[in-house]
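Report on one structure; see the data block that follows.
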Amino acid sequence: MSRIIVVTSGKGGVGKTTCSANIGMALAQRGHKVAVIDADFGLRNLDLLLGLENRIVYTAVEVLAGQCRLEQALVKDKRQPNLVLLPAAQNRTKDAVTPDQMRKLVNALTKVFNYILIDSPAGIEMGFQNAIAAAKEALIVTTPEIAAVRDADRVVGLLEANDVKKLHLIINRIKPAMVQQDKMMSVSDVQEILAIPLIGVIPDDERVIVSTNKGEPLVLSQTASTAALAFQNIVRRLDGEKVPFIDLTAPNDDLISRIRRFFGSRD
Amino acid sequence: MNSDIPVSDTPVPDTPAPDTPVSDTPAPNTAAPDTPSEAAISASDTPVPDALTPDTPAPDSPAPDPSELAAPNAPTDTIGSHPTPQPPQPEVTVPQVRLKGEDGRLLLLLPPESDLPSAMTWTELWLQLKNRLQAGERFWQLNSPVHLMARDRLLDARQLQDISEALAEAQLQLKRVYTSRRQTAVAAATVGLSVEQQSAITHLSQTEAAGQVLAEPLYIQTTVRSGIEIRHPGTVVVLGDVNPGSSIVADGDVLVWGALRGVVQAGASGNSRCMIMALRLDPTQIRIADFVARAPENPHSQYLPEVAYVASGGVRIAKASEFSKERLSP
């Protein structure tokens, strides 16, 4: 039984696509067969983050129009053969696809893939409706900011109304030092408002920007980073493992002490 | 529609095909591709205009991962098919707003309406029209009369009014509307335009005749930005840059007087003698007829005007200065 997970947030720019790329890649690294679907028609980015832009020949719109077969549109990742991308069309708008068509596409993919990750566009209009149409689970991405949390809350409500009941929260771009000085919402502040189970906390990291620009997800990088570790932990938790959360509280500490604490206590 | 959608166990054939014909002499300074079938687009530093880069002919060796490397409209048969030239597509399949000069008037052709998911919505059509009008100002006489060929598209009075105003902004006058839909004809009459209602059959036969010969070149002066797709059943000339995320699909050549960074296809209906040329050739992907090539992983430091063409079963790149000397002279 394959799992169909939508990555969504309501607000733009909180890291949906970055999460989709890294979680998709990390799932594939663990040996799952993964399809990531870019549901952001007209403003697609997932192909860029995965470094697959120049390999796209067909997109979901051509599949739906019957101009090519589904497997022709799937772009395989050379670095990680378990991962494929179904690209969105860049020259169309969100209205080019209907929720029914999206369901059809996803259902066809369930025959081959264990995990289907749908990268939702920002907003709650047609594009969002398309993205969640086929989903059984959702990963809500938010940053510790009032506006992002407010939008995430709205999205949680919409998902529940659309019978997506298995929801998990990812808090992205947290700055532990600011939290300690009480200048930023903490994980528990966010959780108190949203009241859905937390699946991961990703620290703010400049390397994310570098990896995004290079089209190489952070989890592929040889050098370890807390952000990559956080993504890998999310994936292990998705797989049902119990993984303690990384302690991000201490500022300016090195990786060794972080890892030591990671094996020690749970924050 | 997608009854055959079930994906096989190997959804995408893997990149390297053993029989990939790779040129034996990778050019010096050419970013060496990391797999043999990696199509590379690069050449400006190399002395020989021909056989510059290892590159990949499409159907026999799927270079970019999407398996089918034929033209997007190609019949979707199995991988490994041979490059068969496509019969020219009837003009009807081009979902594009077109402006075309004819007998001292300008024809504004709207794409036909259909139930396909690829059919354009009014919003998309409207964006394209605005783009096209902004890109072409220099190419028509001011106050030229425009005849709108609406074909079977339903347009209400508001939309016709919008079109008329957009044309007026570009100093063009909407004079007459041709349509095969009664409602559109009525709406046009309410707005005060002269109307000619045609039967759908005449319009079909017209377009089929037009499909055999390339349309006159499309000349546009604009930056082609992400999300814009230009399709034209002839040669396309762009005065400006073609940004990543945009695409140009032409049945003839594509000439870019600027930087080419998007996806460009020349000879889209199967003519592999078509060429792509740009002052700065740095594309996401180029396709000529059924052949596909990607940019090398390591970009150039210096760019010179280049020409991409098909020779000995693959896409080749040559410096423009040498190309015209060596290839075009008898």
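A short reminder: the numbers here are calculations on the coordinates, not readings from a lab. Note that the structure is predicted; figures quoted are calculated from it, not measured. Positions of Cβ are backbone-derived with ideal geometry, glycine not excepted, and every protein chain shown enters the neighbour counts.
Summary table below
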item: DSSP beta bridge pairing in chain A, given as percent antiparallel to the nearest 5; result: 5
item: Only Lys, Arg (+1) and Asp, Glu (-1) charged, at Cβ; chain A dipole about Cα centre in debye; result: 740
item: HN-Hα J in Hz across region A:30-40 - Karplus 6.51, -1.76, 1.60, θ = phi - 60°, x for Gly and Pro; result: 7, x, 7, 8, 10, 10, 9, 10, 8, 9, 8
item: Candidate lysines - alpha carbon under 22 Å from A:K104, same-chain residues fewer than 8 apart omitted; result: A:K33, A:K76, A:K94, A:K136, A:K165, A:K166
item: Table column - 3J(HN,Hα) (Hz), region B:309-325, Karplus curve with 6.51, -1.76, 1.60, x for Gly and Pro; result: 8, 9, 8, 5, x, x, 7, 10, 10, 9, 4, 4, 4, 7, 4, 5, 5
item: For B:G234, residues with placed amide H under 5 Å, excluding near neighbours; result: B:A215, B:D251, B:G252
item: Net charge, B:Q173 excluded, C-beta distance under 14 Å - Lys, Arg +1, Asp, Glu -1; result: +1
item: Computed Rg/Rh of region A:3-263, alpha carbon atoms with Kirkwood Rh; result: 0.96
item: Long-range amide H partners of B:V315 with built H, under 5 Å; result: B:T56
item: For region A:35-107: Kirkwood Rh in Å [reciprocal of mean 1/r, alpha carbons]; result: 12.2
item: Long-range HN-HN contacts of A:V6 with modeled amide H, under 5 Å; result: A:I118, A:K136, A:E137, A:A138, A:L139
item: Per-bin percent of Cα-Cα distances, region A:195-235 [10 Å]; result: 30, 53, 15, 3
item: Chain lengthening between B:K325 and B:L304 when straightened (0.36 nm per residue, less Cα-Cα); result: 6.0 nm
item: Whole-number D in µm²/s for region B:120-179 (Stokes-Einstein; Kirkwood sum over Cα pairs; 20 °C, 1.002 mPa s); result: 179
item: Gyration tensor (alpha-carbon) shape descriptor, region A:35-179, a/c threshold 1.5; result: prolate
